[in-house]
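Enquirer: Shown below is the structure under consideration.
The values are calculated or read from the model by the stated rules, or taken from the named source; none is laboratory data. Predicted model only: the values in this text are computed from it and were never measured. Because the Cβ atoms are built from the backbone with ideal geometry, glycine has one as well, and the counts that use them run over all protein chains shown. The area values use the complete protein model at the heavy-atom level, side chains included, leaving out ligands, DNA and RNA. Shrake-Rupley method; radii C 1.70, N 1.55, O 1.52, S 1.80 Å.
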Amino acid sequence: MSGYAEVLVEKGLVSVEDIDSAQRLYEDKGLRLDQALIENGAITERAFLEVMAERFDFEIVDLPNEEIEDDAIRSLPSRFVYRNHLAPISCKDGKLKVATSDPFDLYIFDEIKLLTNLEVSPVLAPKDEIDKIIKDHYGVGGDTVEEMAGDEELALSGSEDDSQDLLQMAQEASVIKLVNEIILEAINERASDIHIEPFEKTLSIRYRIDGVLQEAAMPPQINRFKAAIISRVKILSNMNIAERRLPQDGRIKFSVGSRQVDVRVSVIPMIFGEGVVMRILDKTTVLYSLTELGLDEGTFDQFKTLIAKPHGIFLVTGPTGSGKTTTLYAALNAIVGSEKKVITTEDPVEYNLDGVNQIPVDHKVGMSFAMGLRAILRHDPDVVMIGEIRDLETAQAATQASLTGHLVLSTLHTNDAASAATRLIDMGVEPFLVSSTLSGVMAQRLVRVICPSCKKEVNLKKAGLPKNLKWPKGGKVYNGVGCRACRNSGYRGRTGLYELLMMNEELGEKIIERVAASELVRIGRANGMRMLSEDGWVKVRGGITTPDEVMRVTAA
């Protein structure tokens, strides 16, 4: 048994059986004993490094809370940093402080001394913390870009007019690796979209995380390979790489560990190249149960009542990206069972739901929502979900389906719940049909949730509350100060704000009279409807979100 293994056993951090098990793993996979112990889960990397720090008299640092100096970053070439997996921290008085996750590779610090002509102060930090520093300061895929930059033919052959050159470039191992790293980083950061935008002198890559676009850290040389990167994405999504004048759409399927991830790709020609947006569709991040949506108890009970009805139309409204489809999927998950037939028609089908028959809309062959819905009704469904009511034909088909004894769920683009009835009438649906078929409308928005790792109470005077808002005595406001877990944004994850209008006889009569949406709001509030902004302030008082978020997504 090696010296450090004995120390680990003496300290009670691992058992002799753990050592024996790790020995077998290290022999099979060629891992070092410490690496095998960590991979086996016998000990955490930080616990192991703490023992090594004590044994070798090293300092162990908390990298997320260290201030990384620009001089330190500039002192080492990025290729050297990536190859040796190091994180330069500070450079003061001729001494360079560098973090490593390998306490046994001390020769590398002699190399650094020769390379920089500086004294080196080695410290220890976990591998994932060093990964984060490298990505933040040298860029995602920086080692791959360095490798590509050394290939002059690859860098210079990106003629926008030569499809054969682009095809060869896109199939280079380094380009394939870089595009994979860009997509994998987005998935790891919980991004919903990747935006690749070519400008005259730069290639911008941004991730939409929790609904807000954030610049991805990329090496500055990446602009030289924009043609190769975009061509690689087009090949992955089965597009024509020779066509650079027309928009194209495609789809990529990835396996990330045990997860299946679909990526919807849209390419549009722009002045300095083609712009790409990749929508990441990850089942694990969208298939919520009803209890996970963020509905308050009263709204939750009313929502369950609506989706349990045997017939009627229930609409979810809001702008693009407000979580409407996620809410409908959660409703379908609650409804589906052996005693009910559930059929959907969607454009496109984003996620597969077990026990639900899903039909994709295809406008190229004339398969519209309305045509799909008419065909669905011949399949004896109990519940029908329409991706979106966009036109009179679809709206009329939905009302007929409801009148013939089906529960219809769908979405509509309106700003609030009360405007849904007005919108249907504006489309051309008769008011008496809207009144007799519409059972409820729920407007929603998504707000970012305060990061639990850096959440703290803020002074009410500095909280940014609207001046006309009455805040209860003793009510608190919280904010996120920013940390590594939330990419220094102060937020991690999202929840919904909801406004549920339950139809009743009085509202039905007013709809037939074609009254303004404001009158429907007045009646709804008299019956206990909570507005979007009111739900937002309740979530602020509960320490779930911030005043800035509520004001960002509502008219509060």
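Okay, residues lined up against (1) touching a Gly at 6+ places or on another chain (Cβ under 8 Å); (2) under 26 Å from residue 322 (Cβ atoms); (3) touching a residue at least 24 places away in the same chain (Cβ under 8 Å):
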| residue | (1), (2), (3) |
| --- | --- |
| 436 | yes, no, yes |
| 439 | yes, yes, yes |
| 442 | no, yes, yes |
| 445 | yes, yes, yes |
| 452 | no, yes, yes |
| 467 | no, no, no |
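Enquirer: May I pose another question? Among the residues of region 507-547, what is the count of those that are in a helix (DSSP H, G or I), open to solvent by 60 Å² or more (accessible area, probe 1.4 Å) and more than 30 Å from residue 451 (Cα to Cα)?
Expert: Of the residues in that region, 6 qualify.
Enquirer: Return the total of residues in region 87-96 being open to solvent by 10 Å² or more (accessible area, probe 1.4 Å) and under 35 Å from the mean Cα position of the chain (by Cα).
Expert: Count: 1.
Enquirer: Being open to solvent by 60 Å² or more (accessible area, probe 1.4 Å) and either modelled with pLDDT of 85 or more or farther than 26 Å from residue 278 by Cα (or both) is the filter here, so list the residues in region 338-353 that pass it.
Expert: Answer for region 338-353, where residues must be open to solvent by 60 Å² or more (accessible area, probe 1.4 Å) and either modelled with pLDDT of 85 or more or farther than 26 Å from residue 278 by Cα (or both): 338, 339, 340, 341.
Enquirer: Further, regarding this structure: Looking at (1) surrounded by fewer than 20 Cβ atoms within 10 Å (Cβ to Cβ); (2) part of a helix (DSSP H, G or I); (3) touching a helix residue (DSSP H, G or I) at 6+ places or on another chain (Cβ under 8 Å), which is the only condition residue 371 fails?
Expert: Against the list (1) surrounded by fewer than 20 Cβ atoms within 10 Å (Cβ to Cβ); (2) part of a helix (DSSP H, G or I); (3) touching a helix residue (DSSP H, G or I) at 6+ places or on another chain (Cβ under 8 Å), residue 371 comes up short only on (3).
Enquirer: Would you mind stating whether residue 400 is open to solvent by 50 Å² or more (accessible area, probe 1.4 Å) and either assigned to a strand (DSSP E or B) or polar (S, T, N, Q) (or both)?
Expert: Considered against the rule, which asks whether it is open to solvent by 50 Å² or more (accessible area, probe 1.4 Å) and either assigned to a strand (DSSP E or B) or polar (S, T, N, Q) (or both), residue 400 comes out as yes.
Enquirer: Are any residues in region 111-128 open to solvent by 10 Å² or more (accessible area, probe 1.4 Å), more than 18 Å from residue 34 (Cα to Cα) and not in a strand (DSSP E or B), and if so, which ones?
Expert: Selection gives 111, 113, 114, 115, 116, 117, 118.
Enquirer: Please work out which residue is nearest to residue 538 (Cα to Cα), limiting yourself to region 480-506 and to residues that are outside any helix (DSSP H, G or I) and of a type in the set (Gly, Ala, Ser).
Expert: Result: 496.
Enquirer: Ok, one more. Out of region 196-216, which residues are under 30 Å from residue 494 (Cβ atoms) and either open to solvent by 30 Å² or more (accessible area, probe 1.4 Å) or among the charged types (D, E, K, R) (or both)?
Expert: 197, 199, 202, 206, 208, 210, 212, 213, 214, 215
Enquirer: Right, something else. Search region 532-556 for residues that are under 15 Å from residue 446 (Cβ atoms) and pair each with any residue that is of a type in the set (Ser, Thr, Tyr) and open to solvent by 50 Å² or more (accessible area, probe 1.4 Å) when their beta-carbon atoms are under 8 Å apart and the residues are at least 6 apart or on different chains.
Expert: Pairs found: 546/478.
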